[in-house]
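Below is one structure; the comments refer to it alone.
The values are calculated or read from the model by the stated rules, or taken from the named source; none is laboratory data. Note that the structure is a prediction, hence the values are computed from the model and not measured. Here the Cβ positions follow ideal geometry from the backbone for every residue, glycine too, while neighbour counts run over all protein chains shown.
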């Protein structure tokens, strides 16, 4: 008797989700059924739960893909969880989900920016309304990446030129293409445009993974030619070299991930530190967000930015007003201070701080005084 029930449920699911595969329909039925135990043999099987299966199958899922470029190392994590790149660089998320991606660096590495669906050098938030992809570029401190382009495309026989400057004393120039579909060749030449017959480096492997390396590049303008052997798309092009002068701008973050303040303190003083180096100008934005503490009731919202000059590694502070109300037995409340949009330096993992406000009202208990007097 189960056969017609399964067949009917299957037909309804395929009608509502005509593009679903057999595996997806089977998974929707199997993973969302009500567990039933057969008392005769203790086997547990799912009983069809059609509404739950429909809900799962008809919620659009889109792929979010992160790739990593550059000469350095680092990782990217997401909130909500799913991306840990590192290990997992692609995940599916339901339509409408807001995904926040955070780059994480350590040691002598530096996050130098996003390309693709994300831009800037801080955390990045995207709303899943379609499949999206982005690249996170990590460099070794002292490494410079003057070219970092993604989603390049061209027809068969097409040519595309790019150029960048290399300063005196630079070393280990690496120009490369990667990813995408089709077949593109890479040609590089110093001081003049390359051609198919005149170049200093030509890379023509099958596919799009091409590399040209110059251990001691000239102090001049380098020109790149991408030659479309076949139609290509989704290709990333990077050029990087090691600067003769160590470029170590450091990282920005809070001195702690949490703090407590009395309700009658007047202000919560928040400190941001710059560690690991101080080369170049750096800046970061800060803002508050509500939790169990309510803006305008428990604290005053603030937003702004902090800036460091080249060579400046001193701490920066800003204040968040704490509102002293007269509500008794309110308990502790929490709001969050966030650092975003770092420029010139990377963000530490301590870029979010929870601030706990502790109640200061004294509970009046006259009966206790009577007992003590007695």
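Some notes on this structure:
- Here 69, 65, 100, 37 are screened, and the one residue that is within 30 Å of residue 124 (Cβ to Cβ), at pLDDT 75 or above, loosely packed, with under 15 Cβ neighbours inside 10 Å and not assigned by TED's automatic domain parsing to the domain that holds residue 349 is 100.
- Test: residue in the range 308-318 that is at pLDDT 90 or above, surrounded by fewer than 14 Cβ atoms within 10 Å (Cβ to Cβ) and in contact with a strand residue (DSSP E or B) (Cβ under 7 Å, 6 or more places away or on another chain): yes
Residues checked against (1) buried (at least 21 other Cβ atoms within 10 Å of the Cβ); (2) free of Cβ contacts under 8 Å to residues at least 60 places away in the same chain; (3) under 24 Å from the mean Cα position of the chain (by Cα):
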residue	(1), (2), (3)
219	no, yes, no
223	no, no, no
230	no, no, no
233	no, no, yes
250	yes, no, yes
272	yes, no, yes
275	no, no, yes
279	no, yes, no
285	no, no, yes
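- Qualifying residue in the range 147-163 (condition: within 27 Å of residue 133 (Cα to Cα), more than 32 Å from the chain's Cα centre (by Cα) and not in a loop (DSSP other than H, G, I, E, B)): yes
- When we screen 165, 137, 209, 148 for residues that are within 28 Å of residue 75 (Cβ to Cβ) and surrounded by fewer than 18 Cβ atoms within 10 Å (Cβ to Cβ), the only hit is 209.
- Residues in the range 302-338 that are closer than 20 Å to residue 263 by Cβ and assigned to a loop (DSSP other than H, G, I, E, B): 11 in all.
- Conditions (1) within 11 Å of the chain's Cα centre (by Cα); (2) within 30 Å of residue 192 (Cα to Cα); (3) modelled with pLDDT of 90 or more: number failed by residue 83: (2)
- Filtered by the rule that a residue be assigned to a loop (DSSP other than H, G, I, E, B) and either buried (at least 19 other Cβ atoms within 10 Å of the Cβ) or touching a residue at least 12 places away in the same chain (Cβ under 8 Å) (or both), the range 170-199 gives 170, 179, 180, 182, 183, 191, 192, 193, 194, 195, 196, 199.
- Total residues in the range 184-198, condition over 36 Å from the mean Cα position of the chain (by Cα) and farther than 20 Å from residue 170 by Cβ: 5
- The single residue among 120, 113 that is under 22 Å from residue 347 (Cβ atoms), at pLDDT below 90 and not in a strand (DSSP E or B) turns out to be 120.
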